[in-house]
1. So with the 1.4 Å probe, I'd like the accessible area per residue for segment 310-412, rounded to whole Å².
2. Let's see if you can work this out: charge +1 on each Lys and Arg Cβ, -1 on each Asp and Glu Cβ, no other charges. What is the dipole magnitude of segment 1-83 about its Cα centre, in debye to the nearest 20?
3. Under 5 Å between amide hydrogens, which residues at least 5 positions from Glu40 or on another chain qualify, with H placed 1.01 Å from N in the peptide plane?
4. Out of (i) 22.6; (ii) 24.7; (iii) 26.0, which label holds the value of Kirkwood radius over Cα pairs in Å that was computed here?
5. In segment 290-410, carbon and sulfur make up what percent of the accessible area (probe 1.4 Å)?
6. Just to confirm, what accessible area per residue do you get for segment 1-159 at 1.4 Å probe, in whole Å²?
7. Using the Karplus curve 6.51 cos²θ - 1.76 cosθ + 1.60 with θ = phi - 60°, what ³J(HN,Hα) values do you get for each residue of segment 30-47, in whole Hz, with x for Gly and Pro?
8. Check the straight Cα-Cα distances from Lys31 and name the aspartates and glutamates below 20 Å, setting aside those fewer than 8 residues away within the same chain.
Amino acid sequence: MNDELKRRDRAVNWHPYTQMKTAGDALPIVKGKGVYLYDETGKKYIDAVSSWWVTLHGHAHPYIAQRVGEQLNTLEQVIFAGFTHEPAIKLSENLLNLLPEKQQKVFYSDNGSTAVEVALKMCIQYAYNRGTKKSRVLALKNAYHGDTFGAMAVSGRSIWTQPFGDMLFDVTFIDTPSTQNLENLKSQIDHFADEIACFIYEPLVQGAAGMLMYPPEPLSELMKFCREKKIVMIQDEIFTGFGRTGKLFATQYLAEQPDIMCFSKGLTGGTMPLGITTCSDEIYQAFLSDDKYKTLFHGHSFTANPLACTAALASLELLLKEETQQSIRQIVKEHESFAKTLEKHPLVQCVRQTGTILAWELKTENKTSYFNEVGRRVYDAFLRKGILTRPLGNVLYLVPPYCTTKDELRFVYDNTIEVLNDFE
């Protein structure tokens, strides 16, 4: 039966980030429970990457399922243009209470890419509505903000974006801020500050780029400079939000506040798609007018879907529980200990950690690359041991659900060493 599902899948489905001609069959999963995924044979796999970084509290969490089930029998969907509902109102209230005070309004969309698209449109039209045309966007090299066209444009140019290069709007890319380059970055920005509509960045961790990590202090200083130059700042917390960095949000490590923030991934605890873009009252006020043409003309069919909002409310409740916060602290502590072990391994280099995110690189002849073939070999080796990973080429990482126990982490750590030893 397992082979039959694989055959049927290959006959009809096109999987993401997958070269279908050379890829092996997709693994059919029939059930999820807590940190585990189960295939048809009953074999279980620890989801060590939270299913693309979204599953905060484990799979099929009973409380989230209960809340969504209750909502499903009450109100499953309503157009959000001209209508509203309690789950959307409550989620906005609860989220804004946790964010920096500058964040005052919530705009709903469907996923991380659309949350970024909304943010970019807010910034461009913010300047337009105020009678100042600004079209230059500032972003970090190696950035990744999504796969829709606007999100691709502000992501680092690579083989991923090459077919669409002529269709992407121009973006000014700068180096990731550090103590060494900070003054140079300020000088670069100062040359065209009046043209910049916004600065978009992933705080502390550039996930898809290979879990590249950098300290908060230089970013805070660069944000302060942008504030002085009246440059609107978009903070992409799609990956770093909801506890991944060890704190609720990466913004809690920063001395400066952004004007706009983007959220998705862990927002619903991995239950269903939802995107959120929050903004300051200053941004919002630029769209309030008797002139209807100053409206933000953006929306999605499932904007603020009641089921997704309910899942996010339930996930947020679970996240704020002391039990969950203690689990996050435990994961951080265990990662710190295991990082020291990794640093001693002859095949490992560049071990790095931010909160619950632990990453390292395998020493290979080829440079660090998403297309390094060692990634597939490592992925298969982990899968045989009952662990789901998703290497970024020769960059390996762990982003476990918060329900992962100390024993389950130890199982992952021990098998990681075994996998590494097999590659010696």
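The values are calculated or read from the model by the stated rules, or taken from the named source; none is laboratory data. Computed from a predicted structure; not experimentally measured. Positions of Cβ are generated from backbone atoms using ideal geometry, with glycine treated the same way; all protein chains shown enter the neighbour counts. For the accessible areas, the whole protein counts, side chains as well, though only heavy atoms, and no ligand, DNA or RNA atoms are used. Shrake-Rupley method; radii C 1.70, N 1.55, O 1.52, S 1.80 Å.
1. Per-residue accessible area for segment 310-412 comes out at 46 Å².
2. Details: 10 positive and 9 negative charges, 36 e Å.
Its charge dipole is roughly 180 debye.
3. Val30
4. Comparing each candidate, only (i) matches the computed number.
5. Details: 2970 of 5950 Å².
Taking all protein chains in place, segment 290-410 shows 50 percent carbon and sulfur surface.
6. 54 Å²
7. 10, 7, x, 8, x, 7, 9, 10, 10, 8, 5, 7, x, 5, 10, 10, 6, 7
8. Once the sequence-local aspartates and glutamates are set aside, what remains near Lys31 is Asp3, Glu4, Asp9, Asp39, Glu40, Asp47, Glu408.
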